[in-house]
1. So for V95, V202, what's the accessible-area order with a 1.4 Å probe, most first?
2. Loop only by DSSP, 14 or fewer other Cβ within 10 Å of the Cβ. Give me the GluC sites (Glu not before Pro) in region 88-168 that pass, ordered by residue number.
3. Would you mind getting me the FRET efficiency between A336 and M314? Use the beta-carbon distance for r and R0 = 30 Å, nearest 0.05.
4. How would region 308-377 be classified by its alpha-carbon gyration tensor: rounded, prolate or oblate, with rounded meaning a/c under 1.5 and the a/b versus b/c comparison settling the rest?
5. Which order do you get for K232, K307, K152 if you rank them by accessible area with a 1.4 Å probe, largest at the top?
6. Sum -39500 (n - 2.57) across every DSSP H segment of at least 4 residues in the chain, then divide by the residue count to get the 222 nm mean residue ellipticity, nearest 500.
7. Of T159, T331, T64, T278, which has the most accessible area and how do the rest follow, probe 1.4 Å?
8. State the Cα centre-to-centre distance between region 150-170 and region 104-126 in whole Å.
Amino acid sequence: EGLMGLQRDPNFEKNNWVYAFYSPTGDEWVNRLSRFTFKNGEFDLSSVVKILDVESQREICCHTGGSIAFGGDGLLYLSTGDNTTPFDEPEAKYVNSGFAPLNDLPGKEQFDARRSSGNSNDLRGKILRIRVNEDGSYSIPEGNLFPEGIEKTRPEIYTMGHRNPYRISVDPKKGYLYWGEVGPDANADSLKTRGPRGYDEVGQAKEAGNYGWPYFIADNKSYYDYDYETGKSGAQFDVNAPINDSRNNTGIRELPPGKEAMIWYPYAKSTEFPQVGTGGRNAMAGPVYYNDMFPKEKALPQYYNGKVIIYEWMRGWMKAVSLFDNGDFNTMEPFAENIDLNNLIDMEVGPNGQIYLLEYGSGWFQKNDDSGLSVIE
C-alpha cells in the first residue's frame, strides 16, 4: 500500500525527526508508524524507530487513511481506514450495493466494517491519539475514548466509526480535530431495506467519540441491519445505543452513541450545504488558520484568522469555514477560487504562514505532468 502519511516533528528544527506511515515490505500484513531522522538533506533509513503497527489485510483493497497531524500540545494524531472493500463480491447473491458493509458470514471478513471501524479492540477505521516519547515508545493522554485497562478496547483510539479519514488536521489553539471522510457509493436512499445513500463528510471532534460508520452516516442517518445469508433487513441501528454483534467483533458489544458530521453531502445537490456543488466526492480537511501565528509579510489576511480550510480532491474547490464562538459550523465560502487545482491531495501551513498545496494530477496511477507542489502567499 506504499507510503500513506508523512509529517515532521513539532521540534524538527532541534531533533530532525520525521514520522511516516507506510506498509513495510516483507510478510507482515501491517501498516506502520515509524520515526526517522532527516538531516542535511538525507533521509536516514537506518535511523528508523518503530512506534506503532496497524493490522492490514491486503487480499482486497481499500481505505488506508494514513494522515498524520500534531496538536499544539504535541500529541500525535494518526488516521486509519476501515480496510474494507467498497465493491460487491462477484457472483454473491446478496451484496453491499454501495451501502454499509455488514457481511459477517465466515470467510467474508473483507466485507465487514464492524470488524474494524465498529470494533473497539481494533485500530482500523479510527483516528488515534498518542504522545510519542523520546525513545520511540508512546503514552496515552487523558481524554481518549477508552481509558487504559478497559477490557476489549484499545486506549490509542480518540475517535472511531470512520470509513476513510484520508486527511486530518488539528486546531493548534483549541485542539479540535478535523477530518475529511470518504463516503460510500450508493446513489439513492433505500429507506425500507438498506438505509441512506452515500455521503462524504467533514468531521469535527471537540472530544473523543464514535462517529458512526458502518452504522450511521452524515447527520446520524441510520443503516439497517442486513442479513447477507437471507437478504432480509432487520431493524435500523439505534444511534443512542449501537450494538456490534458481528461474528468478527473482538471488542465490546455496546458502543458509544453515534455523533454526526459537521458537513455532509451526496453526489447530488446538497440541501444543507449547497456551496459544495455536485459530482464525484472526496472530502479533505485542511488546517485551521491563525493569522496571528505568523509574520505579516507571508501570512494570509486577518480575515482568515480562525477559519477552517477544507478542500475537495474530485470537485476541485477549497472552502473557508467560519465557526460560531462555541466552535459549531457557521458559514462556508470559496477560498482562492481563481486557482485551478489538479486533484489536490494534501495541504499544509508552512512556518511563515504560507499554504502549501500538493496536487496529484488529473490522471489515475500514472506520471502526471500537471502534478506538483505549489504555495499560496
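1. Result, largest first: V95, V202.
2. Those that pass, being in a loop and sparsely packed, are E91, E134, E142, E148, E151.
3. Plugging the Cβ-Cβ distance into 1/(1 + (r/R0)^6) gives 0.95.
4. prolate
5. Per-residue accessible area, sorted high to low, gives K232, K152, K307.
6. Taking each H run of at least 4 residues, the total per residue is 0 deg cm²/dmol.
7. Heavy-atom accessible area, descending, gives T278, T331, T64, T159.
8. 13
The values are calculated or read from the model by the stated rules, or taken from the named source; none is laboratory data. These numbers come from a predicted model, not from an experiment. In this analysis, Cβ positions are derived from the backbone assuming ideal geometry, glycine residues included, and neighbour counts consider all displayed protein chains. These area figures cover heavy atoms from the full protein model, side chains too; ligands, DNA and RNA do not enter into them. Shrake-Rupley method; radii C 1.70, N 1.55, O 1.52, S 1.80 Å.
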